[in-house]
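> Pasting in a structure now, in structure tokens, and then I'll have a few things to ask.
The values are calculated or read from the model by the stated rules, or taken from the named source; none is laboratory data. On a predicted model such as this, the values are computed, not experimentally measured, just so you know. When we count neighbours, we look across all protein chains shown, and the Cβ atoms used for this are built from the backbone with ideal geometry, even at glycine. Remember, those area values only see protein heavy atoms, side chains included, never the ligands or the DNA or RNA. Shrake-Rupley method; radii C 1.70, N 1.55, O 1.52, S 1.80 Å.
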Amino acid sequence: MKERGAVAMVVLAAMMWGTTGTARALAPSDASPVAVGAVRIAVGGTVLVLLALARGTLRARWPLWPSAAAAVGVALYQLAFFEGVARAGVAVGTIVGIGSAPVFAGLIAAIVLRERPGTRWLVATALAIVGVTLLAAPQRGAGLEPLALLLPLAAGATYAIYATATKVLLRDHDAVAVAALAFGGGALLLAPVLVTADLGWVAHPAGVLVALELGLVATALAYVLFMRGLARLPVSWGATLSLAEPLTAAVLGRVVLGEILSGEQLVGATLVAAGLVALATARAPS
């Protein structure tokens, strides 16, 4: 039962992350992707730090390397992902970034944490990655410049580093405190971006709503749920279950933004769902 609850928390967190694309689409037209990402981390990180301070769980001895890796992973993910999407396009950038994360997470966790995810994880991950690829299929293009591919791959790798580092921190620390450390640190590292970016869009009512949704729901609440679930699951599982994010984004794109899903995309969505169900119904390795 505890495993099922942990799986549910990770999937719910990923569904909240899946709202980011729709939120950005509804933001004022002058809101740049990098500025939106920086505001998201600033709002979410501030809320998490305040919450952890109120709970009295942030003032503790934190191991240097996992703490630094978590904060750097959060910051670098934002920069690599948003710049990669800008160069490769939303579909290709997202599929490479999010789709590569489970592979990187499985490899890094196997080396650092000695985790062995098992056959069920391999099958579920393969299904989900193929499904996410099909979700992006109509927008795939040829002739991408190297950085258009390398930056999303870097985003997937930094996400995996962040997830592995926080898994280490969760052994001895509260989930809210770990989230506060990672995102508070990430927000500090992204402060120069926040200072230099054009934030005029935040003054509009739509901009305020987008900033609050991304900061409070898609960051603060989502990552607290993710970390609480990750504390009871292998890192590789957490990364694969996170593929509920592009599935949610595809559904919201159809329902809210009126985007049309092709036959390939519908098959892809089915495969992602099948992979998530396969993993959700398995027993997590100890």
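> May I ask you to derive the FRET efficiency for D198 and L149 from their Cβ-Cβ distance with R0 = 35 Å, giving the value to the nearest 0.05? Write out the running numbers ahead of the final one.
Details: r = 28 Å, r/R0 = 0.80.
The value I calculate is 0.80.
> While we're here: Using 10 Å bins from zero, what percent of all Cα-Cα pairs in the stretch 183-270 falls into each bin?
Spelled out per bin, shortest first, that is 13, 30, 34, 22, 1.
> Give, rounded to the nearest 20 debye, the magnitude of the charge dipole that the chain has about its Cα centre when Lys and Arg contribute +1 at Cβ and Asp and Glu contribute -1 at Cβ. If you can, show how the numbers build up before the last one.
Details: 18 positive and 12 negative charges, 200 e Å.
The calculated dipole for the chain is roughly 960 debye.
> Per residue, how much accessible area does the chain have with a 1.4 Å probe, in Å²? Write down the numbers at each step before the final one.
Values: 12690 Å² over 286 residues.
Result: 44 Å² of accessible area for each residue.
> Applying the Karplus parametrisation 6.51 cos²θ - 1.76 cosθ + 1.60 with θ = phi - 60° to the phi angles of the stretch 165-172, what ³J(HN,Hα) value in whole Hz is obtained for each residue in order, glycine and proline being reported as x?
Coupling constants for the stretch 165-172: 4, 5, 4, 5, 5, 5, 5, 10 Hz.
> Next question, about the same structure. How big is D for the stretch 150-198, in µm² s⁻¹ as a whole number, if Stokes-Einstein is applied with the Kirkwood radius of its Cα pairs at 10 °C and 1.306 mPa s? Could the numbers behind the result be given before it?
Numbers: Rh = 12.2 Å.
It diffuses with D of about 130 µm²/s by this estimate.
> Using 7 Å Cα-to-Cβ label points, what is the V251/I111 separation (nm, one decimal)?
My value for the distance between the label points is 3.5 nm.
> Okay, next question. What is the Å³ per residue value for the convex hull set by the Cα atoms of the chain? The partial results should precede the final answer.
On the way: hull volume 36.1 nm³, N = 286.
Dividing the Cα hull volume of the chain by its residue count gives 126 Å³.
> Across the stretch 5-16, in residue order, what do the Karplus-derived ³J(HN,Hα) couplings come to in whole Hz, using 6.51 cos²θ - 1.76 cosθ + 1.60 with θ = phi - 60° and x for Gly and Pro?
After applying 6.51 cos²θ - 1.76 cosθ + 1.60, I find x, 5, 4, 4, 5, 5, 5, 5, 4, 5, 5, 5 Hz.
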